[in-house]
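Written out below as structure tokens is the structure these notes cover.
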Amino acid sequence: AGSPAPTAGSTPTYSGVTTNPHLISGLNSQTAYDVYVRANCGAVDGLSEWSVKGTFTTTPNYCAGDHFYDTGGATSNYANNQNYTVTICPDSPGQVITVSFNAFGMESCCDDFYIFDGNSTAGTLLGNFTGTALPPDFTASTVSGCLTFQFTSDGSVTGIGWDATITCGTAPTCLRPSSVAFSLISSTSAQVSWVNNAASATAWDIYVVPTGSPAPTVGSTPTYSGVTTNPYTITGLTSQTTYDVYVRAN
């Protein structure tokens, strides 16, 4: 979308189409496209002018890495008076989706985010979330492999909404921790706690970096490895410094 309109001499994307409707393929996900159509009336009457522009936007491809956002997208807040439902399913039969939240924030009194196991809100309610605490990971457990998300907002105060990553594949068994929290903060130490979501976890790794540093990857060296207590005290910190902390289960 936003490209110049075609002229009489423009080369069509599809030429000599004989079916209506016609399937357009090879598009990019989450992309807006402008479409023009013209008639070919043969050697005598020639080509018509291009039609008025039609515009559509392709859907996200979550399994390929597109993030799942609220209606505000990656940079804006969601709107007031919203009430909508989104169902996300895997690409292939036998797979399941897992949702992992990277950011979350909404009006705690009046805006709600629901997660259901299955391809509709008739499925089991897995959780109802609001406020700013990051929800835990959820993995579908029904034959469909889908999760359904429902969001409602009232008429005042909005938030950043959510940014989530969708993973499609076999169900993971070692789920990541959630609800990382801090207490007993001093000039050089802080106590970190978390909610363990992995039933088989025997230890945890903790990664501590000054705020603004890159997030850890699978191969990053933890600041603390093989931790067996929750909460755990982080030491050796610099006074008046803001830190980001990540926890993973082993």
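Exactly one residue out of Tyr246, Tyr224 is without any contact (Cβ under 8 Å) to a residue 24 or more places away in the chain and either closer than 29 Å to Phe113 by Cα or open to solvent by less than 60 Å² (accessible area, probe 1.4 Å) (or both): that is Tyr224.
Filtering the stretch 14-30 to residues that are of a type in the set (Ser, Thr, Tyr) and either touching a helix residue (DSSP H, G or I) at 6+ places or on another chain (Cβ under 6 Å) or loosely packed, with under 12 Cβ neighbours inside 10 Å (or both) leaves Tyr14, Ser15, Thr18, Thr19, Ser25. Pairs meeting the criteria (first residue in the stretch 52-68 and over 12 Å from Ala164 (Cα atoms) and basic (Lys, Arg), second residue open to solvent by 90 Å² or more (accessible area, probe 1.4 Å) and part of a strand (DSSP E or B), beta carbons under 9 Å, at least 6 apart or on different chains) are lacking. Closer than 30 Å to Ala8 by Cα, exposed (fewer than 12 other Cβ atoms within 10 Å of the Cβ) and of a type in the set (Gly, Ala, Ser) - does that describe any residue in the stretch 53-74? Yes, because at least one residue in the stretch 53-74 is closer than 30 Å to Ala8 by Cα, exposed (fewer than 12 other Cβ atoms within 10 Å of the Cβ) and of a type in the set (Gly, Ala, Ser).
Take the conditions modelled with pLDDT of 95 or more and β-branched (Val, Ile, Thr) and apply them to Val218. Does it pass? For Val218, the condition - modelled with pLDDT of 95 or more and β-branched (Val, Ile, Thr) - is not met.
Filtered by the rule that a residue be on the phi < 0 side of the Ramachandran plot and open to solvent by 40 Å² or more (accessible area, probe 1.4 Å), the stretch 75-85 gives Thr75, Ser76, Asn77, Ala79, Asn80, Asn83, Tyr84, Thr85. Restrict the check to the stretch 159-171 and report whether at least one residue is out of contact with any Pro (no Cβ under 8 Å at 6 or more places or on another chain), open to solvent by 50 Å² or more (accessible area, probe 1.4 Å) and without any contact (Cβ under 8 Å) to a residue 60 or more places away in the chain. Within the stretch 159-171 (the criterion being out of contact with any Pro (no Cβ under 8 Å at 6 or more places or on another chain), open to solvent by 50 Å² or more (accessible area, probe 1.4 Å) and without any contact (Cβ under 8 Å) to a residue 60 or more places away in the chain), the answer is no, since none of the residues qualifies. Of the set (1) closer than 30 Å to Gly73 by Cβ; (2) among the acidic types (Asp, Glu); (3) exposed (fewer than 10 other Cβ atoms within 10 Å of the Cβ), all apply to Asp34 but (3). Ala103 meets all of the listed conditions (1) in contact (Cβ under 8 Å) with a residue 60 or more places away in the chain; (2) under 16 Å from Tyr84 (Cα atoms); (3) among the aliphatic types (A, V, I, L, M) but one, namely (2).
In the stretch 139-146, the condition of being at pLDDT 95 or above, open to solvent by less than 50 Å² (accessible area, probe 1.4 Å) and more than 25 Å from Val245 (Cα to Cα) is met by at least one residue. For the stretch 95-133, enumerate the residues that are surrounded by 17 or more Cβ atoms within 10 Å (Cβ to Cβ), over 17 Å from Gln150 (Cβ atoms) and within 14 Å of the chain's Cα centre (by Cα). Of everything in the stretch 95-133, those that are surrounded by 17 or more Cβ atoms within 10 Å (Cβ to Cβ), over 17 Å from Gln150 (Cβ atoms) and within 14 Å of the chain's Cα centre (by Cα) turn out to be Thr98, Ser100, Gly105.
Of the numbered criteria (1) outside any loop (DSSP other than H, G, I, E, B); (2) touching a residue at least 40 places away in the same chain (Cβ under 8 Å); (3) out of contact with any helix residue (DSSP H, G or I) (no Cβ under 9 Å at 6 or more places or on another chain), the one Val208 fails is (2).
Pro4 falls short on exactly one of the conditions (1) modelled with pLDDT under 95; (2) surrounded by 10 or more Cβ atoms within 10 Å (Cβ to Cβ), and that condition is (2).
The values are calculated or read from the model by the stated rules, or taken from the named source; none is laboratory data. All values reported here derive from a predicted model rather than from experimental measurement. For neighbour counting, all protein chains shown are included, and Cβ atoms are generated from backbone atoms with ideal geometry for every residue, glycine included. We work out accessible area using only protein heavy atoms, side chains counted, and drop any ligands, DNA or RNA first. Shrake-Rupley method; radii C 1.70, N 1.55, O 1.52, S 1.80 Å.
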